[in-house]
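A.B. asks: Take a look at this one; I'll ask things after.
The values are calculated or read from the model by the stated rules, or taken from the named source; none is laboratory data. The structure displayed is predicted, hence computed values, not measured ones. Every residue, glycine as well, gets a Cβ built from its backbone with ideal geometry; the counts of neighbours run over all protein chains shown.
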Amino acid sequence: MDEALLRTLTPTVISVLVRRGADFAAAEDAVQDALVEAVRGWSDDPPRDAKGWLVTVAWRKFLDSVRADTSRRHREERVEGEPPPGPGEAVDDTLRLYFLCAHPSLTPASAVALTLRAVGGLTTRQIARAYLVPEATMAQRISRAKRTVSGVRFHEPGDVAMVLRVLYLVFNEGYSGDVDLAAEAIRLTRQLAARTSHEEVAGLLALMLLHHARRPARTGPNGGLVPLAEQDRGLWDTRLIAEGVDVLQAALARDRLGEFQAQAAVAALHADAQAAEETDWVQIVEWYDELVRLTGSPVAGLNRAVAVGEADGARAGLAALAGIDPDLPRYTAVAAYLHERDGDPVTAARLYADAARSAASLPERDHLTRQAARLNARPRG
Amino acid sequence: MAKYLLLKHYRGAPEAVNDVPMDQWTPEEVTVHVQYMRDFADRLEGTGEFVDGQALAPEGTFVRYDGEGRPPMTDGPFAETKDLIAGWMVIDVETHERALELAGELSAAPGAGGKPIHEWLEVRPFLAAPPTITE
């Protein structure tokens with residue numbers, strides 16, 4: 001049985017249980033148990049109607065848990081008296097589950113964990129491995145998150161922006177383990193995009209696709225970071241790029257710009273360039289102008305300074321950098337880059353070494369150290 | 001099996017034999033060094049002796065309780081701090097000798113000129129849980 005296929009049924013089956021009267025937390029537990037049983041027992045002989053099987057087994061597990069819990073006796077009576085569900089499924093039940101798991105009362109880390117479990121169908125162990133924490137810690141995080149949203153009505157209107165923030169975090173901050181979190185984030189965003197016409201959902205999906213397309217080129221043979229300008233563009237996944245550009249163009253055509261669409265537009269311009277020197281930096285600067293206008297984000301301002309340096313020369317880039325907070329992560333690395341382009345390798349080498357000291361990840365630190373080493377090793381003269 | 005912490009210091013360890021700051025190496029020497037560290041951890045995973053490895057940023061903050069209802073007091077980083085941890089590896093090995101042997105290999109990681117750094121690493125045994133049978 002294809003476990004990934006099975007997982008896609010998770011939100012639907014949870015929704016069916018909730019509509020039959022189960023509370024979200026218990027429904028979610030019951031569906032996880034049913035998934036485990038399915039993975040264990042289906043290998044030789046999967047049922048023809050996978051969803052029907054999961055609903056039946058999850059419902060039985062839910063009733064078992066209610067019966068086992070004597071303090072909930074009164075609820076058992078209510079649930080058992082519930083009429084059977086009507087035919088079909090409300091189209092946006094899955095959407096409601098996204099909203100619930102990204103409820104504003106949850107911290108980002110809790111919302112991420114709950115989304116991966118209840119919408120993604122991942123097990124607690126898989127999520128714990130992906131975020132490099134003990135399984136017991138992740139189990140606590142998830143059960144606290146469920147308690148936090150226990151008072152939220154399932155049909156309460158939700159906030160798409162919160163859902164997007166959660167999916168962005170899953171895509172951008174996944175670590176390791178046996179689950180490809182970037183691919184999982186794309187799957188969940190794709191599923192969301194199929195259920196809502198919100199243009200920023202499309203913007204985020206395009207952004208993910210365009211960055212995912214570069215993944216094979218992003219790390220070198222020894223695991224080192226390969227910067228965009230040095231990547232082998234032949235390794236970029238042209239199918240993902242084409243899809244990302246299509247999704248983005250459809251979103252932009254609706255003329256309701258948002259930050260994810262603007263970021264995706266930058267990524268699309270990079271994807272358009274067959275070689276680094278063919279990059280349309282003037283247009284990229286314009287998109288960063290939009291991003292700064294939309295978000296006021298200092299990170300967008302920092303990236304804008306890099307683009308200005310490419311479009312109008314390093315001196316202009318340094319001038320653009322002058323307005324940015326030097327405490328921002330990667331500020332020093334950007335300053336080093338622009339000083340080198342400006343013909344000042346001594347300052348650049350010193351700044352690269354400083355940037356390496358304040359790097360937030362080992363691959364970045366190694367990369368910045370190599371940049372400093374490269375400049376320090378150049379022939380003096 | 002017993003667990004040991006192999007500690008690497010930014011400051012505070014005796015001076016290494018091949019003590020050249022990393023940004024003064026050639027880029028290739030940096031690459032070779034990084035690869036050596038990665039291979040070392042992979043090999044210990046293969047032998048079933050690797051537990052954990054982490055690197056730490058050089059700048060930290062000292063924090064202490066400052067009384068009921070008050071925010072914690074912070075201080076530092078202190079330029080004069082004598083001992084500054086750079087990172088660690090936790091290993092689970094049969095003997096103390098094996099821990100020393102592995103620390104020696106880690107200390108042989110190549111540095112400037114492709115020569116071993118001969119960096120001093122600190123090997124610290126974990127305090128274990130008490131045994132069930134003591135008499």
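Rundown of residues vs (1) at pLDDT 85 or above; (2) among the aliphatic types (A, V, I, L, M); (3) more than 27 Å from the chain's Cα centre (by Cα), yes/no style:
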| residue | (1), (2), (3) |
| --- | --- |
| A:E3 | no, no, no |
| A:T8 | yes, no, no |
| A:I14 | yes, yes, no |
| A:R20 | yes, no, yes |
| A:A27 | yes, yes, no |
| A:A34 | yes, yes, no |
| A:P47 | no, no, yes |
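A.B. asks: Another question about this same structure. I'd like the full set of residues that are farther than 17 Å from B:L102 by Cα and within 13 Å of chain A (Cβ to nearest Cβ), limited to segment B:35-66. Write out each step before concluding.
C.D. replies: Taking segment B:35-66 first, the residues farther than 17 Å from B:L102 by Cα are B:55-66.
Of everything in segment B:35-66, those that are farther than 17 Å from B:L102 by Cα and within 13 Å of chain A (Cβ to nearest Cβ) turn out to be B:A55, B:L56, B:A57, B:P58, B:E59, B:G60.
A.B. asks: Somewhere in segment A:148-160, is a residue surrounded by 15 or more Cβ atoms within 10 Å (Cβ to Cβ) and among the acidic types (D, E)? Show your work before the answer.
C.D. replies: From segment A:148-160, those surrounded by 15 or more Cβ atoms within 10 Å (Cβ to Cβ) are A:148-149, A:152, A:154, A:158, A:160; that's our starting set.
Then drop every residue that is not among the acidic types (D, E), which leaves none.
Among the residues of segment A:148-160, not one is surrounded by 15 or more Cβ atoms within 10 Å (Cβ to Cβ) and among the acidic types (D, E), which makes the answer no.
A.B. asks: Checking A:E200 against (1) surrounded by fewer than 15 Cβ atoms within 10 Å (Cβ to Cβ); (2) of a type in the set (D, E); (3) under 21 Å from A:G158 (Cα atoms), which single condition isn't satisfied?
C.D. replies: (1)
A.B. asks: So, in segment A:323-338, exactly how many residues are within 14 Å of chain B (Cβ to nearest Cβ) and either modelled with pLDDT of 95 or more or part of a helix (DSSP H, G or I) (or both)?
C.D. replies: 3
Residue by residue, here is whether (1) under 21 Å from A:L368 (Cα atoms); (2) among the charged types (D, E, K, R); (3) modelled with pLDDT of 95 or more holds:
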| position | (1), (2), (3) |
| --- | --- |
| A:E184 | no, yes, no |
| A:G203 | no, no, yes |
| A:A206 | no, no, yes |
| A:P221 | yes, no, no |
| A:L225 | yes, no, no |
| A:R239 | no, yes, yes |
| A:A250 | no, no, yes |
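A.B. asks: B:E45: part of a helix (DSSP H, G or I), charged (D, E, K, R) and farther than 26 Å from A:A356 by Cβ, yes or no? Reasoning before the result, please.
C.D. replies: Numbers: part of a helix (DSSP H, G or I): yes; charged (D, E, K, R): yes; farther than 26 Å from A:A356 by Cβ: yes.
When the stated conditions are applied, B:E45 passes them.
A.B. asks: When you check B:G60 against the structure, is it free of Cβ contacts under 8 Å to residues at least 24 places away in the same chain, small (G, A, S) and touching a Leu at 6+ places or on another chain (Cβ under 9 Å), yes or no? Quick ask: steps written out before the conclusion?
C.D. replies: Working: free of Cβ contacts under 8 Å to residues at least 24 places away in the same chain: yes; small (G, A, S): yes; touching a Leu at 6+ places or on another chain (Cβ under 9 Å): yes.
Here the answer is yes, as B:G60 does meet what is asked.
A.B. asks: Looking only at residues that are over 24 Å from B:P77 (Cβ atoms) and not in a helix (DSSP H, G or I) in segment A:339-367, which one is nearest to the other protein chains (Cβ to nearest Cβ)?
C.D. replies: The qualifying residue nearest to the other protein chains (Cβ to nearest Cβ) is A:D344.
A.B. asks: Answer with yes or no whether B:P71 is surrounded by fewer than 16 Cβ atoms within 10 Å (Cβ to Cβ) and more than 14 Å from chain A (Cβ to nearest Cβ). Please lay out each step first, then the result.
C.D. replies: Details: surrounded by fewer than 16 Cβ atoms within 10 Å (Cβ to Cβ): yes; more than 14 Å from chain A (Cβ to nearest Cβ): yes.
Yes, satisfied.
A.B. asks: Collect the residues in segment A:338-352 that are more than 9 Å from A:L375 (Cβ to Cβ), among the aliphatic types (A, V, I, L, M) and out of contact with any Leu (no Cβ under 7 Å at 6 or more places or on another chain), keeping them in residue-number order.
C.D. replies: Of everything in segment A:338-352, just one residue is more than 9 Å from A:L375 (Cβ to Cβ), among the aliphatic types (A, V, I, L, M) and out of contact with any Leu (no Cβ under 7 Å at 6 or more places or on another chain), namely A:L351.
A.B. asks: Restricting attention to segment B:104-122, does a residue exist that is farther than 20 Å from A:L362 by Cα, in contact with a Leu (Cβ under 7 Å, 6 or more places away or on another chain), modelled with pLDDT of 95 or more and not aromatic (F, W, Y)?
C.D. replies: The answer is yes; a qualifying residue exists.
A.B. asks: Could you tell me how many of the residues in segment A:231-275 are under 20 Å from A:V285 (Cα atoms), of a type outside the set (A, V, I, L, M) and buried (at least 19 other Cβ atoms within 10 Å of the Cβ)?
C.D. replies: 6
A.B. asks: Would you point out the residue of segment A:1-39, among those that are part of a helix (DSSP H, G or I) and of a type in the set (D, E, K, R), that is surrounded by the most Cβ atoms within 10 Å (Cβ to Cβ)?
C.D. replies: Restricting to residues being part of a helix (DSSP H, G or I) and of a type in the set (D, E, K, R), the top hit is A:E28.
A.B. asks: Within segment B:15-47, work out how many residues are closer than 25 Å to B:L127 by Cβ and either touching a residue at least 24 places away in the same chain (Cβ under 8 Å) or touching a Pro at 6+ places or on another chain (Cβ under 7 Å) (or both).
C.D. replies: Taking segment B:15-47 as the starting set, the residues that turn out to be closer than 25 Å to B:L127 by Cβ are B:41, B:44-45, B:47.
Checking the rest, the ones that are also either touching a residue at least 24 places away in the same chain (Cβ under 8 Å) or touching a Pro at 6+ places or on another chain (Cβ under 7 Å) (or both) come to B:41, B:44.
So the count comes out to 2.
A.B. asks: Quick one: in segment A:368-380, which of the residues that are farther than 22 Å from A:G223 by Cβ and in a helix (DSSP H, G or I) is farthest from the other protein chains (Cβ to nearest Cβ)?
C.D. replies: Selected residue: A:L375.
A.B. asks: For segment B:1-34, name all the residues that are closer than 21 Å to B:L56 by Cβ, at pLDDT below 95 and away from chain A (no Cβ under 14 Å).
C.D. replies: B:H9, B:G12, B:A13, B:P14, B:E15, B:A16, B:D19
A.B. asks: Failed condition for A:R125, given (1) touching a residue at least 60 places away in the same chain (Cβ under 8 Å); (2) closer than 26 Å to A:A27 by Cα, with all others met?
C.D. replies: Checking A:R125 against (1) touching a residue at least 60 places away in the same chain (Cβ under 8 Å); (2) closer than 26 Å to A:A27 by Cα, the one that fails is (1).
A.B. asks: Does A:A320 count as part of a helix (DSSP H, G or I) and out of contact with any Phe, Trp or Tyr (no Cβ under 9 Å at 6 or more places or on another chain)? It would help to see each step written out before you state the result.
C.D. replies: On the way: part of a helix (DSSP H, G or I): yes; out of contact with any Phe, Trp or Tyr (no Cβ under 9 Å at 6 or more places or on another chain): yes.
Answer is yes for this residue.
A.B. asks: Moving on to the next point. State all residues of segment B:25-37 that are surrounded by 15 or more Cβ atoms within 10 Å (Cβ to Cβ) and either part of a helix (DSSP H, G or I) or hydrophobic (A, V, I, L, M, F, W, C) (or both); if no residue qualifies, say none.
C.D. replies: First, pick out the residues of segment B:25-37 that are surrounded by 15 or more Cβ atoms within 10 Å (Cβ to Cβ): B:25-27, B:29-37.
Correct list: B:W25, B:P27, B:E29, B:V30, B:T31, B:V32, B:H33, B:V34, B:Q35, B:Y36, B:M37.
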